[in-house]
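Here is the structure we will look at.
Rule-based calculations on the coordinates, nothing more; no lab input. Only a predicted model underlies this, so the values are computations on that prediction, with no experimental measurement involved. All Cβ positions, even for glycine, are placed from backbone atoms using ideal geometry, and neighbour counts span all protein chains on display.
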């Protein structure tokens, strides 16, 4: 079946530090891959996505590259801000369905 | 674009009562809406998928008679928690997608507390 594995948190960083959240997946074919962000008390917001191998999704300074060979979609940001404190979810959409499979979520806290 | 709203954002009710949560797509027609449940510090659990004008498809282990879902129009889906009990307390989130698109757009969530 389809599954997403995210690095466990929580992750605590200082402002301007480099952030990486690892995400690997299991699926048949070429699923679409997503990163969603959830701020405290809110729903999920789409952060970025990639739909085919070697695609790079980017938004708000965050990037993730679809790596088919390693079945990964790691999220990175070069210089985090306090406002980036949130829970980040990696997710995949299989080729034959519209149901998202989510990772467990990674809580990121950025301190000033 | 692609804004999804939920109402109410927070509800407290007594055990045994029913609660209705609305999910609306504000600027697009949602052919499919999804309902999720999220426990504290946990990921999202898909409860059901609903297509406009047809019955919802429930995930394994989700009680159909407990969680009634109606998708009467292309912009509105409702989740009714019937005879709510304290164990139904949770954060309920809906999402919507439009035809030919795979991206789901999420609502802000509804926090339900059953006393």
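Miscellaneous remarks
- Note on region A:53-112 and region A:15-47: Cα centroid distance 3 Å, given to the nearest whole angstrom.
- The order of B:10, B:97, going from fewest to most other C-beta atoms within 10 Å of their C-beta, is B:10, B:97.
- Counting neighbouring Cβ atoms within 10 Å and putting the fewest first, the residues A:111, A:67 line up as A:111, A:67.
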